[in-house]
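The values are calculated or read from the model by the stated rules, or taken from the named source; none is laboratory data. This is a predicted model, so every value here is computed, not measured. No Cβ is skipped: glycine too gets one built from the backbone with ideal geometry, and neighbour counts run over all protein chains shown.
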Amino acid sequence: MIREIFVNREPIDGLCGLPREGRFRHIAALAGKLCSAMIERCQTRDVFQICKLAGVKLDYRRWPLVTIGECERRPPTIRVNLAALDYIEGTQIAITRKSFEQIIIAHELGHLLGTGSDALANEAPRSGLKTAVTEPEALAFEEYFAGSFAAALGDLSCGEHENVRMAAYLCRVKSAQDTSSLSEESIQENSRGYA
């Protein structure tokens, strides 16, 4: 279980009344706020130290390039895909293997520490509509939160953030090329069953 020092969840007031773009800006601000509070508590931006303090296990494995990283809440675990790190080394993107590894971990840490909180979980119920936030939209919010958290933790410049986005994009393109002949079921099985 993630240690209590990191649990700082607060509801989003009035978020459902914001247009979609406003929601994303608000989510990015919440991610930055959570990141700042966590840095203050841990006295570091080092993702490896933060994971250690939070009781999050890091697991490095190689699986098909369907995802570059994954996380589990119980027990708190972040998995980094070694295939993604290897692939990025062979590209012309101006990002080091170590930097990409740290950003993947920070992104997954954003999922563990921030998502599932009131910040995103209350989105649909607060709206008063049956499905004010569709499942794809909720997933987009969660990914945006995790990405914003990682950018804030990494203190990335605009150029560095663009390099990370390009690296992730290239991994997705490579994944599409590698998995075009695989069924959706086998892709999901391969991305989770890397024993």
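Can you find even one residue in the range 116-128 that is at pLDDT 85 or above, in a helix (DSSP H, G or I) and of a type in the set (Gly, Ala, Ser)?
No: the range 116-128 contains no residue that is at pLDDT 85 or above, in a helix (DSSP H, G or I) and of a type in the set (Gly, Ala, Ser).
Just checking, how many residues over the range 170-184 are modelled with pLDDT of 65 or more and more than 16 Å from residue 83 (Cβ to Cβ)?
Counting residues in the range 170-184 that are modelled with pLDDT of 65 or more and more than 16 Å from residue 83 (Cβ to Cβ) gives 1.
If I filter the range 160-168 for residues that are touching a Lys or Arg at 6+ places or on another chain (Cβ under 9 Å), at pLDDT 80 or above, crowded, with 19+ Cβ neighbours inside 10 Å and part of a helix (DSSP H, G or I), do I get at least one hit?
no
If you go through the range 23-78, how many residues are of a type outside the set (Ser, Thr, Tyr), out of contact with any Asp or Glu (no Cβ under 6 Å at 6 or more places or on another chain) and either free of Cβ contacts under 8 Å to residues at least 24 places away in the same chain or within 16 Å of residue 154 (Cβ to Cβ) (or both)?
Counting residues in the range 23-78 that are of a type outside the set (Ser, Thr, Tyr), out of contact with any Asp or Glu (no Cβ under 6 Å at 6 or more places or on another chain) and either free of Cβ contacts under 8 Å to residues at least 24 places away in the same chain or within 16 Å of residue 154 (Cβ to Cβ) (or both) gives 26.
Does residue 78 fit the bill of being part of a helix (DSSP H, G or I) and crowded, with 21+ Cβ neighbours inside 10 Å?
Spelling it out, it is not the case that residue 78 is part of a helix (DSSP H, G or I) and crowded, with 21+ Cβ neighbours inside 10 Å.
Taking into account only those residues within the range 58-99 that are of a type in the set (Gly, Ala, Ser) and at pLDDT below 90, which is nearest to residue 167 (Cα to Cα)?
Result: 94.
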